[in-house]
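Structure first, then comments.
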Amino acid sequence: MPYVFTEQGVAMLSSVLNSEQAIQVNIVIMRAFVNLRLMLESNDELNRKFTSVIRKLASHDKYFTVIFDELKKQAAQPIQSRRQIGVTTKKQSE
């Protein structure tokens with residue numbers, strides 16, 4: 001489950017929640033997204049750093065995809081039965 005909402009997620013959430021407090025919180029969150037967008041547009045250095053972080057996250061996604069694909073392959077392989085080790089004894093008939 002995600003720990004944060006995207007701007008679109010907040011907009012969708014607002015269509016579900018109808019309380020006055022939920023509406024006020026939604027407005028504050030939407031304003032925060034607008035302010036963040038304005039801040040990124042006005043600050044070139046911050047924009048470059050943000051873009052760099054996004055690129056790094058995208059490259060990490062590729063690695064996670066490879067890892068999860070390998071885990072799926074491992075899980076899909078049938079487990080080979082192993083030869084039993086030890087001495088077998090006959091049960092005494094009653």
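Quick look at the numbers
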{"quantity": "Filter pass, VAL34 being surrounded by 10 or more Cβ atoms within 10 Å (Cβ to Cβ) and at pLDDT 85 or above", "calculated": "yes"}
{"quantity": "Long-range neighbours under 9 Å by Cβ, at least six apart or interchain, first residue without any contact (Cβ under 8 Å) to a residue 60 or more places away in the chain within region 21-50, second among the aromatic types (Phe, Trp, Tyr) and open to solvent by 80 Å² or more (accessible area, probe 1.4 Å)", "calculated": "ILE29/PHE5; LEU40/PHE50"}
{"quantity": "Those residues of region 46-79 which are open to solvent by 100 Å² or more (accessible area, probe 1.4 Å) and among the polar types (S, T, N, Q), in sequence order", "calculated": "GLN74, GLN77"}
{"quantity": "Region 1-27, residues that are among the aliphatic types (A, V, I, L, M), part of a helix (DSSP H, G or I) and surrounded by 10 or more Cβ atoms within 10 Å (Cβ to Cβ)", "calculated": "VAL10, ALA11, MET12, LEU13, ALA22, ILE23, VAL25, ILE27"}
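The values are calculated or read from the model by the stated rules, or taken from the named source; none is laboratory data. In this text, all values refer to a predicted model and were calculated from it rather than measured experimentally. Heads up, the Cβs are rebuilt from the backbone with ideal geometry, glycines too, and the neighbour counts pull from every protein chain shown. All accessible areas refer to the heavy atoms of the entire protein, side chains included, with ligands and DNA or RNA removed. Shrake-Rupley method; radii C 1.70, N 1.55, O 1.52, S 1.80 Å.
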